[in-house]
1. How many residues does region 59-99 hold that are within 26 Å of Glu33 (Cβ to Cβ) and touching a Leu at 6+ places or on another chain (Cβ under 9 Å)?
2. How do the pairs read when you match residues in region 105-125 that are on the phi < 0 side of the Ramachandran plot with residues anywhere that are of a type in the set (Ser, Thr, Tyr), using Cβ under 6 Å and keeping only pairs 6 or more apart or on different chains?
3. Considering only residues that are modelled with pLDDT under 85 and open to solvent by 60 Å² or more (accessible area, probe 1.4 Å), which ones fall in region 32-63?
4. Which of the residues that make up region 66-80 are open to solvent by 80 Å² or more (accessible area, probe 1.4 Å) and within 12 Å of Leu189 (Cα to Cα)?
5. Of the conditions (1) surrounded by 17 or more Cβ atoms within 10 Å (Cβ to Cβ); (2) modelled with pLDDT under 80; (3) assigned to a helix (DSSP H, G or I), Val150 fails just one. Which one is it?
6. Considering (1) part of a helix (DSSP H, G or I); (2) open to solvent by 80 Å² or more (accessible area, probe 1.4 Å); (3) over 23 Å from Ala129 (Cα atoms), say which one Glu83 fails and leave the rest.
7. Can you name every residue in region 53-78 that is among the polar types (S, T, N, Q) and free of Cβ contacts under 8 Å to residues at least 60 places away in the same chain?
8. Looking at region 204-216, I want the residues that are more than 12 Å from Val236 (Cα to Cα) and have a partner that is outside any loop (DSSP other than H, G, I, E, B) with Cβ atoms under 7 Å, at least 6 apart or on another chain. Which pairs are those?
Amino acid sequence: MTTTRLPWHVRAARKHGQTAVLYAALALSAPGEYELAQMAGWDAKFAWLMPAVLSLYAAIGASVAKSQKQVARRLVGTELEMEARRRSRNASTGALVALLMATAAQVAEHVLTTGATGARAWVVIIVSAVPPLVAAHVLHIDPPLEDIAVDMLREALPEKPQEAPGEPVPDLVEEEAEDAADEPQKPVLVSYADAAEALGVATETVRGAANGGRLKKYPGPTSHTRRVDLREARSVFKSTRSMIA
């Protein structure tokens, strides 16, 4: 199977764009937060700490949220998955709170500085809110599904040991091949929703296939949840699409 390599600027945007937009938005918000701190009575020697606090708050929250989301994907089907997801949600909430405060600071400072009223005030409010709101949305853009699926499959597959240089022994090679064929592959356990998202179908479709016996159900992290094997689901729905076509 051949894949088309994405242009360099697309790959760079996917890899670094989220971080770049976050820091650009925080930088655009910093002057307003600094001026507002001075208006509130802080000395100029300390007013710069206001944008620093909000920027660090948002950056740390976004970083922790992203890392915990990745941890949760690696721990799918384990007891620690829900804990990782909880920490990701808490960190995301903190990042959003910081960006909302930055938005409020921007709007207040620009309205007070310009003295705008009426329609002009709304223009000032909307434009002032653009950088923090853009950053808030960018923080919650998930990576492409193909990246998640590839990572999950890569982690599930055992690493192939490097062969020592020299002539292979035919008998040993044949034995290892037979053993590998007999050994079942480790299932990639995911929730109904994650399987549906990876396969581009509705969650109810995956649940129906599991309840109908087309997919094997595995115990979830709690007594009321179930998992399915992503490989098996991919095979089942691929064959179903082939029959429909």
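The values are calculated or read from the model by the stated rules, or taken from the named source; none is laboratory data. All figures in this text were calculated on a predicted structure; none of them were measured in a lab. With ideal geometry, Cβ positions are generated from the backbone for all residues, glycine too; neighbour counts draw on all protein chains shown. Please note that ligands, DNA and RNA were not included when accessible areas were found on the heavy atoms of the full protein model with its side chains. Shrake-Rupley method; radii C 1.70, N 1.55, O 1.52, S 1.80 Å.
1. Of the residues in region 59-99, 10 are within 26 Å of Glu33 (Cβ to Cβ) and touching a Leu at 6+ places or on another chain (Cβ under 9 Å).
2. Every condition considered, the pairs that remain are Gln106/Ser29; Gln106/Ser128; Val107/Ser128; His110/Ser128; Val124/Thr114.
3. Scanning region 32-63 gives Leu56, Tyr57, Ile60, Ser63.
4. If the condition is that a residue be open to solvent by 80 Å² or more (accessible area, probe 1.4 Å) and within 12 Å of Leu189 (Cα to Cα), then Arg74 is the only one that fits.
5. Of everything listed in (1) surrounded by 17 or more Cβ atoms within 10 Å (Cβ to Cβ); (2) modelled with pLDDT under 80; (3) assigned to a helix (DSSP H, G or I), Val150 misses just condition (1).
6. Of (1) part of a helix (DSSP H, G or I); (2) open to solvent by 80 Å² or more (accessible area, probe 1.4 Å); (3) over 23 Å from Ala129 (Cα atoms), only one is false for Glu83: (2).
7. Ser55, Ser63, Ser67, Gln68, Gln70, listed by residue number.
8. If the second residue must be outside any loop (DSSP other than H, G, I, E, B), the pairs left are Arg207/Tyr192.
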